[in-house]
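Trainee: Take a look at the following structure, please.
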Amino acid sequence: MKKAISLLLAAITAAILPGCNNEQPTDIPETTTTVSNTETTAAETEKPEIPLDISGFTVIGRITENVDDKRITYEKEISEAESIEKLGEILDTLKDAEPVDADYLTEFYSVTFRNDETDETIGMEYVTLFIENDGVCTTERGFLFDKNGQITLYSTGYGWQISAFPKLLSDELISEENIIETKEAPCFDENYAANGEEFEKGRIVFVNEYYNFAWGYQHSGSFTDDLGNIYYFDFACLENKDDGRTLLDILYDEVYYKSRPAAHTDPEKIIKCTEKIPQINTSAEMKGEAAACDAGIYTLYIVDENNKLIALSESGDWEGTLDDSAAKSIVKICNSMTMERYSINR
C-alpha cells in the first residue's frame, strides 16, 4: 500500500519512530508508533463530543521521550487550576473544527479525561497529521481523540496549540517524582533491525535531519539512497558519534551498512533530483520565517557528487526554502513522492 508521504516529511517520522510498547498503568490509549491508516475515517463517523467543560473530569497526563540513551515515561494527574484552564482553551479552539481524514504519527504527549460521575474516558493525543490533497501530502499538527475506540482527528495547522500543549505537559510532568518507567532507548525500531545484506546498497542522496534541545537532546532523521530505499537513524543512542567523522560518514558506517530500509520510494524521481544538483546556487539564502516554538528544526539536505550536504529547506520552529529555482524544484519533486513501507517479519 502506497502512502502519499513526502520525503520532506520523513524526518518527522524518524524523530518519533522508536516504539513504546509499555504496559499502560492507566487507560490512556496505547501510543501508536508508525503511520496509522485508520479504519474509521471522519467521513464515516459522527463527530464525538469533545469535553469542553472539564471541571468535572479527572485529567491524567503522560509523556514518553528519549533523552540521551534512555526512554523515560512520566505520568501525573493534572489538577493545577492554571493548567486546567489552558487545556480548556485548547479544547475550545476545536469546538467548531471539522474532523479530518488523515494518517497520523503520535508525538508521545497525551492526556486522558475521565468523567468522575460516569467513569467514561476520552483519550487525547498530540499528533502529526499527513493530509493528502490532489496526490500531494502535507503535514499539519493536531489532536487525536479516542472515545470508546472511535478515533477522530482534528487539525490545528501550526497554531499556538502545537507548542502550548507539549509545554503544558512538560511543565507539569517532567520531574523525577513523576517517572513511571525508564529503559534503554533503541537506536532503531525492532521492525528495522540489521539484515542489511538482503538489500542492494547505492549512495545516499537525501538526508532529513531533526534537532531539538527544548527538553533534552533529540537528534534523529532519515535518509534516502539512489535506489529509493529509506532508512531511519537516531543519534541519541549511536555510539562513537563524536569521533570527528562527518554526518554522512556516520550514516554510512553506523546505519546504512548495518540496517535494512524501512520504506521505498520511486528511484526515477530521485534521479531527476540528482540531475538538478549542478544547477543549485549554494550561495543562495535560505528565506523563511518563524513558525513555531520548541518544535525543533527539520532540515532537508541533498548530497552532491563531492559528498557535501546542501540544505534545501527547513521546517518546524523555522519554515524556509533555499532561494534558488533548482532547489525549489527538487523540494517540489520531494513533496510529490509517495512512500511504500516494506513488510517486515518480526
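Trainee: Going through segment 296-309 one residue at a time, which ones are touching a helix residue (DSSP H, G or I) at 6+ places or on another chain (Cβ under 8 Å) and surrounded by 19 or more Cβ atoms within 10 Å (Cβ to Cβ)? Don't jump to the end; show me each part of the working.
Mentor: To start, the set of residues in segment 296-309 that are touching a helix residue (DSSP H, G or I) at 6+ places or on another chain (Cβ under 8 Å) comprises 296, 298-300, 302-305, 307, 309.
Matches in segment 296-309: 296, 298, 299, 300, 302, 303.
Trainee: Suppose we keep only residues that are among the aliphatic types (A, V, I, L, M) and in a loop (DSSP other than H, G, I, E, B) within segment 254-285. Which one would you say is modelled with the lowest pLDDT?
Mentor: As a first pass, look at segment 254-285 and keep what is among the aliphatic types (A, V, I, L, M): 255, 262-263, 270-271, 277, 280, 284.
Next cut, in a loop (DSSP other than H, G, I, E, B) only: 262, 280, 284.
Working: 262: 75, 280: 95, 284: 93.
Step by step, filter segment 254-285, then rank; the result is 262.
Trainee: Test residue 181 against the stated conditions and say whether it is modelled with pLDDT of 75 or more, of a type outside the set (Phe, Trp, Tyr), open to solvent by less than 70 Å² (accessible area, probe 1.4 Å) and assigned to a helix (DSSP H, G or I).
Mentor: So residue 181 fails the test.
Trainee: Looking at residue 60, is it at pLDDT 85 or above, farther than 30 Å from residue 234 by Cα and open to solvent by less than 70 Å² (accessible area, probe 1.4 Å)?
Mentor: For residue 60, the condition - at pLDDT 85 or above, farther than 30 Å from residue 234 by Cα and open to solvent by less than 70 Å² (accessible area, probe 1.4 Å) - is not met.
Trainee: Name the pairs: first residue in segment 304-327 and in contact (Cβ under 8 Å) with a residue 60 or more places away in the chain and over 12 Å from residue 278 (Cα atoms), second residue crowded, with 18+ Cβ neighbours inside 10 Å and polar (S, T, N, Q), Cβ to Cβ under 7 Å, at least 6 apart or on different chains?
Mentor: Pairs that qualify, where the first residue is in contact (Cβ under 8 Å) with a residue 60 or more places away in the chain and over 12 Å from residue 278 (Cα atoms) and the partner is crowded, with 18+ Cβ neighbours inside 10 Å and polar (S, T, N, Q), are 313/321.
Trainee: Continuing with this model, one more query. Scan segment 63-74 residue by residue and report those that are open to solvent by 10 Å² or more (accessible area, probe 1.4 Å) and modelled with pLDDT of 90 or more.
Mentor: Matches in segment 63-74: 74 only.
The values are calculated or read from the model by the stated rules, or taken from the named source; none is laboratory data. Just so you know, these numbers come straight off a predicted model, no measurement behind them. All Cβ positions, even for glycine, are placed from backbone atoms using ideal geometry, and neighbour counts span all protein chains on display. Quick note on the areas: whole protein, heavy atoms, side chains included, nothing else; ligands and nucleic acids left out. Shrake-Rupley method; radii C 1.70, N 1.55, O 1.52, S 1.80 Å.
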